[in-house]
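Chemist: Got a structure for you, written out below as structure tokens; questions coming shortly.
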Amino acid sequence: MKIYDIPGFPNPFRIRVVLAEKNLGDQIEFIKIDLPAAEHKQPAFLAINPTGTVPVLELDDGLQISECTAITEYLDNLDGMPVLTGKSPREKAVIHMMQKRAEILIDSVGDYFHHATPGLGSALQAYKSPEWVGREEWGERQRDRAVSSMRYFNEVLKSQPYIAGKTFSMADITVLGGLMFAGFAQIAIPEECTVLVGWAAHMQDRPSVKQPV
Ligand code: GTS
């Protein structure tokens, strides 16, 4: 299998944690995509993923799968023993629900970063609607949305050890990716969110998070 991504970036991080959790790292060939040079917005990459984002998983038969959730579902179920996406209908539903909420965090940070800051630089900014009046203000609102999301997860974690309940799941990985991106984009976690901060620190003890593939 191949993965198109760029190491150290938040959405690629999500899949690299999954690979570590599932011990699949040695089955993957990584192909680096130069995001700051906007390689992912060029025709060659758009033929791989029309939404122009990484990561993308390519199977040996050539099928290309984008979207971290879809990639995670595939990798988690390869051995018939899913541990990140739920086993029972109930687990699957709760993880899916919390996953969607976690995506609000990571996507809002990304929207802030790419629209209210210089982002990854001028080569990519040209693809981010530079002429749009109100773009920066909209980006600032996305930062507020990300901070609200942090407050929400702080509350969630007061009564359970993981984002979707009693076990580590893909929703935890997405929140960790969101917090990583927030740090990069210089969006501070509100001071009062001590539970979220403690949880994130504790998660760093997990081998897959500490040392993703
Ligand atoms: N919903 C997508 C997924 O789950 O895969 C989001 C993927 C995404 O936004 N990836 C970012 C990207 O390709 C990479 S990261 O920097 O957020 O980690 N961004 C390119 C761009 O031009 O915004």
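The values are calculated or read from the model by the stated rules, or taken from the named source; none is laboratory data. All values reported here derive from a predicted model rather than from experimental measurement. Virtual Cβ from ideal backbone geometry, glycine too; neighbours counted across all protein chains shown. Ligands, DNA and RNA are stripped out before the accessible areas are found, and what is left, the full protein with its side chains, is counted by its heavy atoms. Shrake-Rupley method; radii C 1.70, N 1.55, O 1.52, S 1.80 Å.
Chemist: Taking the Cα centre of each part, how many Å lie between segment 35-52 and segment 78-150?
Modeler: 19 Å
Chemist: I've got another one for you. Given the whole protein assembly as supplied and a 1.4 Å probe, what does the accessible area of L75 come to in Å², nearest 10?
Modeler: Probe radius 1.4 Å; accessible area of L75 about 0 Å².
Chemist: Could I ask something else about it? Taking a quarter of the surface of the convex hull around the Cα atoms of segment 10-109, what do you get in nm²?
Modeler: Seen from a random direction, the Cα hull of segment 10-109 projects 7.1 nm² on average.
Chemist: Let me ask something else. Farthest toward the dipole's positive end in the chain, which of P10, L120, M97, given Cβ charges of +1 (Lys, Arg) and -1 (Asp, Glu) about the Cα centre?
Modeler: It is M97, whose Cα lies furthest towards the positive end.
Chemist: Which helices of the chain meet both criteria: a Cα extent of 30 Å or more along the helical axis and a mean Kyte-Doolittle score no lower than -0.5, with helices taken as whole DSSP H segments?
Modeler: Helices meeting the criterion: 89-116.
Chemist: Treating the beta-carbon of each Lys and Arg as +1 and of each Asp and Glu as -1, no other charges, what is the dipole magnitude of segment 2-77 about its Cα centre, to the nearest 20 debye?
Modeler: That gives segment 2-77 a dipole magnitude of about 260 debye.
Chemist: For the chain, what Kirkwood radius comes out of the mean inverse Cα-Cα distance, in Å?
Modeler: Across the chain, the inverse of the average 1/r is 17.8 Å.
Chemist: 7 Å from Cα along Cα→Cβ at both Q64 and W132: what's the point-to-point distance in nm?
Modeler: 2.4 nm
Chemist: Within segment 85-111, which residues have the backbone N less than 18 Å from the label spot 7 Å out from R141 along Cα→beta-carbon, could you tell me?
Modeler: 104-111
Chemist: 7 Å from Cα along Cα→Cβ at both S148 and Y74: what's the point-to-point distance in nm?
Modeler: If labels sit at S148 and Y74, their model points lie 3.4 nm apart.
Chemist: If you roll a 1.4 Å probe over the chain with all protein chains in place, what percent of the accessible area is carbon or sulfur?
Modeler: 54 percent
Chemist: Now for a separate question. F30's amide H: which non-local residues (gap 5+, or another chain) put their own amide H closer than 5 Å, with H modeled 1.01 Å from N in plane and none for Pro or chain starts?
Modeler: Correct list: I3.
Chemist: Dipole of segment 67-173 (Lys/Arg Cβ +1, Asp/Glu Cβ -1, origin at the Cα centre): which of I71, V156, V133 lies farthest to the positive side?
Modeler: Result: V156.
Chemist: Moving on. What does the extension gain come out to for E29 and Q125, with contour length at 0.36 nm per residue minus their alpha carbon separation?
Modeler: On the way: separation 96, 0.36 × 96 = 34.56 nm, distance 2.90 nm.
The E29-Q125 span can extend by a further 31.7 nm.
Chemist: A follow-up question, please. Using the Cα gyration tensor of segment 57-182, with a ≥ b ≥ c the square roots of its eigenvalues, what is the shape: rounded (a/c below 1.5), prolate (a/b larger than b/c) or oblate (neither)? Mind dumping the intermediate values first?
Modeler: Values: a/c = 3.17, a/b = 1.40, b/c = 2.26.
In terms of gyration-tensor shape, oblate.
Chemist: Just want to confirm a number: the relative contact order over segment 2-77, from Cα pairs under 8 angstrom separated by 6+ residues, in percent.
Modeler: For segment 2-77, the relative contact order is 38 percent.
Chemist: Mind giving me the FRET efficiency for K87 and T51? R0 is 45 Å, r the Cβ-Cβ distance, nearest 0.05 is fine.
Modeler: Details: r = 30 Å, r/R0 = 0.66.
It comes to 0.90.
Chemist: Evaluate the charge dipole of the chain about its Cα centre and quote only its size in Debye, nearest 20, assuming +1 on the Cβ of each Lys and Arg and -1 on the Cβ of each Asp and Glu. Spell out each step's value before the answer.
Modeler: Working: 21 positive and 27 negative charges, 100 e Å.
Taking the Cα centre of the chain as origin, the dipole is about 480 debye.
Chemist: To the nearest 0.05, how large is the calculated FRET efficiency for E191 and K100 if R₀ is 25 Å and r is the Cβ-Cβ distance?
Modeler: Efficiency at R0 = 25 Å is approximately 0.40.
Chemist: If the chain between K166 and K210 were fully stretched, how many nm would it gain, using 0.36 nm times the residue separation less the Cα-Cα distance?
Modeler: Working: separation 44, 0.36 × 44 = 15.84 nm, distance 2.05 nm.
Extra length from K166 to K210 when fully extended: 13.8 nm.
Chemist: Identify which of S149, S159, S88 has the largest mean-square fluctuation in a Gaussian network model of the chain, with springs joining Cα atoms closer than 10 Å.
Modeler: Residue with maximal mean-square fluctuation among S149, S159, S88: S88.
Chemist: Take every Cα pair under 8 Å in the chain that's 6+ residues apart, average their separations, divide by the length, and report that relative contact order as a whole percent.
Modeler: On the way: 291 pairs, mean separation 52.8, N = 213.
The normalised contact order for the chain reaches 25 percent.
Chemist: Please arrange R90, R151, R16 by accessible surface area, largest first, computed with a 1.4 Å probe and ligands excluded.
Modeler: Working: R90 195, R151 105, R16 30 Å².
So the residues, ranked largest to smallest area, are R90, R151, R16.
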